[in-house]
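What follows draws every value from the coordinates through simple rules; no lab data is involved. Remember, it's a predicted structure, so these values are computed and weren't measured experimentally. Quick reminder, even Gly has a Cβ in these numbers, built from the backbone with ideal geometry, and neighbours come from all protein chains shown.
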Amino acid sequence: MPCCLLAGILLFPRVALALMWFFSTYLQRAFHGGLVLPVIGFLFLPLTTIVYAWEVNSHMPTAGINLLWLLIAVVIDLGGLGGGAHSSIEALSRPPCGCRIWLPTLGSASGSTMYLEDRPSWLTSSCSRCFRCSCF
């Protein structure tokens, strides 16, 4: 049962924070009854907020291994926030037809897209939707 609870907290930290806020005084004790920091934590760093509340309520100092737990939570939270940036940059670099596979320009350090008219004659495969990008 504790493993399921931990998995639920890791998978749905905002749900866990909301349940802790409404049905216990766990967050109020950790943040001394304040409202601003738990709300900011709920929006931006939910797992970090849970780990900090656990450390404060367990009377652990925020040093040594406890600081490591807090930093791991920050990295996990920031990784979730930054994951969308990679996919949006990838979407902007796709050809207009939306193909995911494209051939970078040979010998180019910038990695720009090589369209059909720019490719050598031995690379004549093209996309069936737009006939411009090089989907293989």
Exercise for the section: Please report 65, 9, 72 as a ranked list, fewest other C-beta atoms within 10 angstrom at the top and most at the bottom. Expected result: 65, 72, 9
Handout entry: Least to most buried among 1, 20 (fewest other Cβ within 10 Å first)
Key = 1, 20
Fill in the blank from the handout: Taking Lys and Arg as +1 and Asp and Glu as -1, residues besides residue 38 with C-beta under 13 Å from its C-beta add up to +2
